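The structure appears below as structure tokens.
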Amino acid sequence: MGLFERYLSVWVGLCIVAGVVLGNFFPAIFQQIAAIEYAHVNLVVAVLIWVMIYPMMVQVDFAAVKDSGKNPRGLVLTLIINWLIKPFTMAALGYLFFKVFFAGWVDPQTANEYIAGMILLGVAPCTAMVFVWSQLTKGNPNYTLVQVSVNDVIMIFAFAPIAAFLLGINDIEIPWETLVLSVVLYVLLPLVAGALTRKLMHNRIEGLLTVLKPWSIIGLLATVVLLFGFQAEKIINQPTAIVLIAIPLLIQTYGIFFIAYFIAKRMRLKHEIAAPACMIGTSNFFELAVAVAISLFGLNSGAALATVVGVLVEVPVMLSLVAFANRTRHWFE
């Protein structure tokens, strides 16, 4: 691992603090950046995610992608976790904590909004960040791409019905432009660019990757600064709410990962397939969840706050799970 990867948890922590501090001292700057959007997708964040995943896309060998379908077990694990387990456990934990354990601390309307935000996180499997987690666990980039691509296709058709069912709304309005544009921006275009780069560079690809790889971490850190800068005022003014939301999210994230990891071990998957599969099932497409929460419930709603807390929880937790997966690589040999 390089300097960035080795101390990534430290850099992420510093960027979270920097985002909150800068967002409170220079809110106008972040408001201007937040306004640069189309279909609720922030274009600045989109560029940073591009910087994040482009180096991984350059590594994709389409000849190997074609062969990945010969081993469908990793795909099956990802699909079961993402669509049959994760959304429903997230909804159950939200109800348990905000309707039972924390019922005396949160008014019913706010509790419903927190639960809604958690559900939106649970129904949006990771699309972009998982390429970072896959790289850090030395996952198979071709198989990771297949897993993410299949989830993206399913998400287009399953996101709205499952969200509507879990939210108890018969006529939920989902911003389809946001979903489709996000998939195009975060998966399709970087993939095409990576394939063209690989074809044009050919024998010089390894040298290019050496230059590009640090930029994926820089993209991640800059994205963290922006997201926490956007929500800095809420984070400062509502610390208790953040703690209450974080508790069930932490339980959900660690719980889903260890369920998936246990199943992957029992299925005797290779580590390079098992680790990314578990990361996909654990991580969230937080860009989409935040956008939908704002669209449905408003910028200052409890649902929007819950999705931002999801980002706060996810990055350090996923880094701890990356470390765990790397330490237990021998379990899969």
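When ligands, DNA and RNA are left out and all protein chains stay put, how many square angstrom of accessible area per residue does the chain have with a 1.4 Å probe?
On a per-residue basis, the chain sits at 44 Å².
Provide the gained length on full extension for the span Lys99 to Val153, in nm with one decimal, where the gain is 0.36 nm per separating residue minus the Cα-Cα distance.
16.1 nm
Tell me the mean residue ellipticity at 222 nm calculated for the chain from its helices only (DSSP H runs of n ≥ 4, each -39500 (n - 2.57), averaged over every residue, nearest 500).
-24500 deg cm²/dmol
Would you mind pulling out the separation of the Cα centroids of region 70-128 and region 256-276, in Å?
20 Å
For Val106, what is the net charge nearby, where nearby means another residue's Cβ is under 10 Å from its Cβ and Lys, Arg count +1, Asp, Glu -1?
Net charge around Val106: -1.
For region 189-243, state the average projected area of the convex hull of the C-alpha atoms over all orientations, rounded to one decimal in nm².
5.5 nm²
Starting from the alpha-carbon convex hull of region 27-167, give the projected area averaged over all orientations, in nm².
So the Cα hull casts an average projection of 11.3 nm².
Restricting things to alpha carbons, tell me how big region 282-333 is in terms of Rg and Dmax, in Å.
That works out to 15.2, 48 Å for Rg and Dmax.
With Cα extents along the principal axes in Å defined as stated, name the option among (1) 69, 48, 40; (2) 62, 54, 39; (3) 60, 45, 37 computed from the structure displayed.
(3)
Heavy atoms only, probe 1.4 Å: what % of the accessible area of the chain goes to carbon and sulfur, would you let me know?
68 percent
Below 12 angstrom from the Cβ of Glu333, what's the summed charge of the other residues (Lys, Arg +1; Asp, Glu -1)?
After counting each charged neighbour, the total is +3.
The values are calculated or read from the model by the stated rules, or taken from the named source; none is laboratory data. Note that the coordinates shown come from a computational prediction; the quantities given were computed from them, not determined experimentally. Here Cβ is always computed from backbone atoms with ideal geometry, including for glycine, and neighbour counts include all displayed protein chains. For the accessible areas, the whole protein counts, side chains as well, though only heavy atoms, and no ligand, DNA or RNA atoms are used. Shrake-Rupley method; radii C 1.70, N 1.55, O 1.52, S 1.80 Å.
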